[in-house]
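This report concerns only the one structure given below.
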Amino acid sequence: MDEEILEQLRERYTSGNLIVFAGAGVSAAAGMPTWKQLAEKLRDRARRRSADPAVIDEIQQYISSNQLINALSAARLALGPQDFNWTVDKELDDTGRDVPELARAIAALKPKLKAVLTTNIDRFLERAFQGEWRMIDRPAGDVAMDRCFILKLHGTLRAWDTWVFSRDQYDRAIFGSPLLQDAFGALYRTHSILFVGFGLADDNIDQTLARVRALSGGQPPMHFALLPKGVPPFRRRLLEESGVRLIVYENQAGDHAEVAQVLLGLEPGAAPPPHAAAPPPDVAAPPRAAPRAAQPSSPTLPSSPVAPHAPGATTAAPRPVRVFFSYASRDEELLARLEAHMTPLRREGLIAPWHSGEIGAGEDTARAIGEQLEAADLVLLLVSASYLASEQGDAQVARAMDRRAAGQAVVVPILLRPCDWETTRFAELQAVPRDKKPVTRWPDEDEALLQVVREIRAVVTKLRPSLR
């Protein structure tokens, strides 16, 4: 390895101006399917669902030519959004899999690392950071001013509405806003990027660098890429002309252990992991488009509910998530049953629930509701015809959606009874139960409420680490 380049990388890290860009190889190191393998699984599912043979052939042609954006887009069209999202969610679920050592090595850099960007939607990086860094799947305009976050450019597992599988969707979702474009430009102009988990055949680095050059005014700072020995001369020249310093390692054992060792060597005193391993060299990169597509199995979190913690600061235990129930008086019985199902969450100290039934005699009702709604981290809309007909419910929905748009709260519609909710302002949100069947239409209503609480637990688990 080039010691001079390693020293330059170390200087960028110690200055607090280094961002790690984690590619698909980080997840592939844990045995997850590559994006090409995912496209093949979706093709096979479409075939089993008796899709038009011409469509199957088209998907295969895109896979064979490594046009993975088109392959995934064609598969989504063939399967339909719900089936497509369910399949992707199932195949990329990291539950029960060990966090790869490369992800742990990235997390070991948290004392001085600025941020992590990733194209992966699984949760390995969040797990490696043990919830100490915020996960962002919808960047805000002040992202360049932030620190200590994991920005998931392609969305996150379980939150289907953050996924995007086409380049035009990515451009609209992330760079369609002038405010966000300015923010990303500031991020790229003032920070160095270290590409980790990308292979020799991976053009995602080139595409990202094109974006960096466009947003940094043609003068991007020094960047770095960890790649195994064997980089072709033309590709090496292309990367170096784009300002990328290559850190090439031998990979003699074939396990890419040097990658984790290089990362751990940036932080003095850090011991290397016993079995450090990185991704195979030619892992297919995910399509270069970022978040936003179908519907989430657990609603997405606000981008920045609180300020991030300074590196090295002592962190207090996260406080409970403040939960506000918005409901109609006719649905009080169902509210009580839902509260009973949520009792374990309250006893574990994960939530602090509140609803208007807790207002005491003589209190100003409107003021109490207003204060609790403004303080809430999670607003649960208990949807029924009575709720939709309520003026108070309408006002609470309006305020909750405004706070959600400002990144101050999460809003989750819970379908209690059949009603025309899909024409409402919150119709854009993923409702629970996730199959859109209201609780009262289930053969066993307690089973429906259990499904609802599991979804709420997933949201609370994601949201709580950022609360102090």
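The values are calculated or read from the model by the stated rules, or taken from the named source; none is laboratory data. Quantities reported herein were computed from a predicted structural model and do not represent experimental measurements. Quick reminder, even Gly has a Cβ in these numbers, built from the backbone with ideal geometry, and neighbours come from all protein chains shown. Protein only, heavy atoms only, side chains kept; ligands, DNA and RNA dropped before computing areas. Shrake-Rupley method; radii C 1.70, N 1.55, O 1.52, S 1.80 Å.
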Accessible surface of residue 69 - all protein chains present, 1.4 Å probe, nearest 10 Å²: 30
Heavy-atom accessible surface of region 28-78: percent carbon and sulfur, 1.4 Å: 42
Under-5 Å amide H pairs with residue 194, H placed in peptide plane, nonlocal only: 19, 20, 21, 224
Convex hull (Cα only) mean projected area of region 383-468, reported in nm² to one decimal: 6.1
Solvent accessible area, Å² - residue 354, 1.4 Å probe, full protein context: 30
Virtual spin-label span in nm between residue 97 and residue 319, 7 Å along Cα→Cβ: 3.7
Chain lengthening between residue 57 and residue 190 when straightened (0.36 nm per residue, less Cα-Cα): 43.3 nm
Residue pairs, from the table 114/462; 112/152; 36/90; 152/462, whose Cα atoms sit over 18 Å apart: 114/462; 112/152
Accessible-area value, residue 182, 1.4 Å probe, nucleic acids and ligands omitted, Å²: 100
Probe 1.4 Å, accessible area per residue of region 322-453, Å²: 47
Using a Förster distance of 22 Å, the FRET efficiency for residue 2-residue 234 (Cβ separation, nearest 0.05): 0.65
